[in-house]
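For reference, the structure discussed in these notes is given below.
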Amino acid sequence: MEFPFDINQIFSERVSILDQTLVAGRRSAERPDLQGHIATVIDELGRASAKAQQLTAPITSASKLQSQRHQLYLLKDGESSGGRGVVVGFLKVGYKKLFLLDRGGVHIEAEPLCVLDFYITENLQRHGYGLELFDFMLQHKNLEPMLMAYDRPSPKFLSFLAKHYSLTQSVPQVNNFVVFEGFFFFNRSVAQLRKVPLKKPDGEIKPYSLMEREVVRQEQRTLPWPFAPPHSPQRLVSSQCSHSLSMRSSPSRAPPQVVPPSCPGCSRNQSPQSPLIDRYRERRSR
Ligand code: COA
């Protein structure tokens, strides 16, 4: 993606990490005028991503980034466009408070790092840039992809996760977030499930985290929540929350995948240093 200004002047690194401040390195911090260009780049990427995912409006924009505690990893190719550089794509992540169902149908209140938006420009897709960006984020966050949640991943992204990280077995949820086998076990092992306060100071904990896509569509719907009230502890157990119920009441999920009763990553007796995690690390280091 080309712009009428010098990308290399704005983004000095191959991967820039942007947040609420919209600052990409020291240079743009010292030059507020460059921030306008940064906003233009983010807005343009957000629009292109929305188009690629057939969303009615972008879920990523400069103003949204400024108002939310998300992080955006932006990948450039500094050599292209006569040395001015081109923007290759971006990956947006952020923590979300979610109510999830584990494999046994037990409610877990968690605040995992979620992939919220991900886009590589059309002409550069399937060239390994997505993997480069995703791996950069994983190293920066010191995280395994299995420990993350994915906000309504597109078929291309699901294929990407299956190919590069062997993430194929999802655990059915009642919301549009996707988590994979091992999420609950390993999050518990590495304490990535953040402990959340029993009661939020500013009101009740909502049963479903508000998704970017929901905000964009300005759907006012209140999703049903047949379970225990928010003052319950981090882990909620309800006799109502059977596995089958969770799958039936899912508003827009694809049909749940058939998952074998046991798998290498989900044995409860398994140590945190499991072959599954090792396999990911091995694959990534390769
Ligand atoms: N159709 C199916 N799978 C695709 C695909 C496509 N058009 N493009 C990428 N993939 C998946 C495949 O598994 C592919 O492997 P393959 O070529 O052997 O089939 C793998 O990703 C390629 O990996 P990589 O080159 O590192 O990915 P990428 O640079 O293309 O980035 C996406 C992956 C998903 C970010 C990119 O395809 C994209 O921007 N898609 C459009 C927007 C989107 O769907 N974003 C996800 C938001 S939830």
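The values are calculated or read from the model by the stated rules, or taken from the named source; none is laboratory data. Remember, predicted model here, so these are calculated numbers, not experimental data. When we count neighbours, we look across all protein chains shown, and the Cβ atoms used for this are built from the backbone with ideal geometry, even at glycine.
Whether a residue is farther than 22 Å from residue 35 by Cα and part of a helix (DSSP H, G or I) was assessed, and residue 82 passes this test. Taken over the range 1-33, the criterion of being closer than 18 Å to residue 67 by Cα, modelled with pLDDT of 95 or more and among the β-branched types (Val, Ile, Thr) is satisfied by 17 alone. Filtering the range 44-102 down to residues that are within 19 Å of residue 141 (Cα to Cα) and of a type in the set (Phe, Trp, Tyr), which residue is nearest to the ligand (Cβ to nearest atom)? The qualifying residue nearest to the ligand (Cβ to nearest atom) is 90. Could you list, in sequence order, the residues of the range 98-107 that are in a loop (DSSP other than H, G, I, E, B) and of a type outside the set (Asp, Glu)? Selection gives 103, 104, 105, 106. For the range 120-178, which residues satisfy the criterion of being of a type in the set (A, V, I, L, M) and over 30 Å from residue 2 (Cβ atoms)? Answer for the range 120-178, where residues must be of a type in the set (A, V, I, L, M) and over 30 Å from residue 2 (Cβ atoms): 143, 146, 147, 148, 149, 162, 167, 171, 174, 178.
Applying a threshold of 9 Å to beta carbon distances and a minimum spacing of six or more residues, or different chains, the list of pairs starting in the range 34-49 at a residue that is surrounded by fewer than 22 Cβ atoms within 10 Å (Cβ to Cβ) and at pLDDT below 95 and ending at one that is in a helix (DSSP H, G or I) and basic (Lys, Arg) reads 34/27. Scan the range 190-211 and give yes if some residue there is modelled with pLDDT of 70 or more, more than 12 Å from the ligand (Cβ to nearest atom) and surrounded by fewer than 22 Cβ atoms within 10 Å (Cβ to Cβ), otherwise no. No, the conditions are met nowhere in the range 190-211.
Taken over the range 132-167, the residue count meeting the criterion of being in a helix (DSSP H, G or I), closer than 18 Å to residue 70 by Cα, within 11 Å of the ligand (Cβ to nearest atom) and not hydrophobic (A, V, I, L, M, F, W, C) is 1.
Pairs are defined by a Cβ separation below 6 Å, a sequence spacing of at least 6 or placement on different chains, a first member in the range 157-179 that is farther than 14 Å from residue 101 by Cα and aliphatic (A, V, I, L, M), and a second member that is within 11 Å of the ligand (Cβ to nearest atom) and part of a helix (DSSP H, G or I); the pairs so defined are 167/161.
Scanning the range 108-131 for residues that are near the ligand (Cβ under 7 Å from one of its atoms), not polar (S, T, N, Q) and not in a strand (DSSP E or B) gives 124, 126, 127, 128, 129, 130, 131.
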